[in-house]
Amino acid sequence: SSEDIRCKCICPPYRNISGHIYNKNVSQKDCNCLHVVEPMPVPGNDVEAYCLLCECKYEERSTTTIKVPQPRGAA
């Protein structure tokens, strides 16, 4: 399901803008600053420079595995 995939972009501080982490459920091919960083915190002529600083990673995780409680050892 779409909740099991996401793109995470970590953007460092840029000029007068503080650093920020953006998460969005997008496909792997759309895992980039232009698709994930919303709203874009910089004006149009700074977008390319800002996006070059951001590090975006595509992540797949199993929320089903995360939600299932782990069995505990007998007391």
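Using heavy atoms of the protein chains and a probe of 1.4 Å, the accessible area assigned to GLU48 is about 140 Å². Working note: Debye formula, equal point scatterers on the alpha-carbon atoms of the stretch 10-58, no solvent; log10 I(q)/I(0) at q = 0.15, 0.17, 0.20, 0.21 Å⁻¹ is -0.34, -0.44, -0.61, -0.67.
Heavy-atom accessible area per residue, the stretch 10-58, 1.4 Å probe: how many Å²? Write down the numbers at each step before the final one.
Values: 3290 Å² over 49 residues.
Averaged over the residues of the stretch 10-58, the accessible area is 67 Å².
Ordering LYS57, LYS29 by accessible surface, largest first, gives LYS29, LYS57; the 1.4 Å probe counts only protein heavy atoms, with every chain in place.
The values are calculated or read from the model by the stated rules, or taken from the named source; none is laboratory data. Being a predicted model, the structure only gives us computed values, none of them experimental. Side chains included, ligands, DNA and RNA excluded: accessible areas come from the protein's heavy atoms. Shrake-Rupley method; radii C 1.70, N 1.55, O 1.52, S 1.80 Å.
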